[in-house]
Structure formats: C-alpha cells, structure tokens
1. Pairwise over distinct Cα atoms, reciprocal of the mean inverse distance: report the Kirkwood radius of the chain in Å, one decimal place.
2. Multiply the residue gap between residue 17 and residue 50 by 0.36 nm, knock off their C-alpha separation, and tell me the result in nm, one decimal place.
3. As a check on your grasp of the helix formula, calculate [θ] at 222 nm for the chain: sum -39500 (n - 2.57) over DSSP H runs of n ≥ 4, divide by the residue count, round to the nearest 500.
4. Can you tell me the dipole magnitude for region 23-91 around its Cα centre, using point charges on the Cβ only (Lys, Arg +1; Asp, Glu -1), in Debye to the nearest 20?
5. So how much slack lies between residue 67 and residue 7, counting 0.36 nm per residue of separation and subtracting their Cα-Cα distance, in nm?
6. Run the accessible area of region 47-95 with a 1.4 Å probe and give the carbon-and-sulfur part as a rounded percent.
7. So if I take the centroid of the Cα atoms in region 11-31 and the same for region 67-95, what is the distance between those two points in Å?
8. How many Å² of accessible area per residue for the chain, probe 1.4 Å?
Amino acid sequence: MKLPSIAERLAGNRFHLDEECSHITIDQDLARSTGTAERIIAACPAGVYSLSEDDSVLIEYAGCLECGTCLAIASPGVLTWRYPRGGFGVQFRDG
Ligand code: SF4
C-alpha cells in the first residue's frame, strides 16, 4: 500500500479561519535587523511567512499548523504568537 505524501496528508486538515484576529504579529524592523525573517521563512513547515516586494514579512496565518517552530527560533520580541481563539485554527484530520 502506498502511503500518502506529506502534502496529501496536510491537505486533509481543516482550518477554521479567524478573520477578525491574527494569532501572529511581527515587529518588522526587529525581524529584519535580527535575521529572524529569513529563519522563519525557511523553517515554517506550512509556508506561512514570505517576503513582500518591499521586504516586509507577510503572514498567511490561516495556514498555521500551530507547531511553535517560528516562536522557538525567532529572536526575542520579534513575534507575538498565541494559539488561535477557541473554535479557530487547525483541525488535524490525519495522525
Ligand atoms: S507555528 Fe509552525 S506552522 Fe505556525 S507559523 Fe509558526 S512555524 Fe509556521
């Protein structure tokens, strides 16, 4: 039996988007000056972070897997991260 790929397994998750409130915010200046921007873009397994044309960090928080990796590797004070409000966020469907 062929096991599903990681992408296929992730696609089975459900995301309940809190359109009124992001659970992640970033200090743009500190993210650039500490090198955090590059680290979190490279490390996030869900591709939540990317760079805009003006080098600001974009946050597509709707796809967050709530793994905590970005918070663990960010320099102090760069990210404000908390779990989504009750009823919102990822709902794992496989494993
Ligand atoms: S908690 Fe995990 S999935 Fe969510 S933004 Fe941070 S690294 Fe990405």
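1. Values: mean 1/r = 0.0701 Å⁻¹.
It is 14.3 Å.
2. Working: separation 33, 0.36 × 33 = 11.88 nm, distance 1.90 nm.
Extending this stretch completely gives an extra 10.0 nm.
3. On the way: 4 runs with 26 residues, N = 95.
The helix-only estimate for the chain comes to -6500 deg cm²/dmol at 222 nm.
4. On the way: 4 positive and 8 negative charges, 71 e Å.
Rounded to the nearest 20 debye, it is 340 debye.
5. Details: separation 60, 0.36 × 60 = 21.60 nm, distance 1.62 nm.
Taking 0.36 nm per residue and subtracting the Cα distance, the gain is 20.0 nm.
6. Values: 1520 of 2940 Å².
Answer for region 47-95 is 52 percent, counting heavy atoms of protein chains only.
7. 8 Å
8. Numbers: 6160 Å² over 95 residues.
Result: 65 Å² of accessible area for each residue.
The values are calculated or read from the model by the stated rules, or taken from the named source; none is laboratory data. Model, not experiment: these values are computed from the prediction. Glycine gets a Cβ as well: all are built from the backbone with ideal geometry, and neighbour counts include every protein chain shown. The area values use the complete protein model at the heavy-atom level, side chains included, leaving out ligands, DNA and RNA. Shrake-Rupley method; radii C 1.70, N 1.55, O 1.52, S 1.80 Å.
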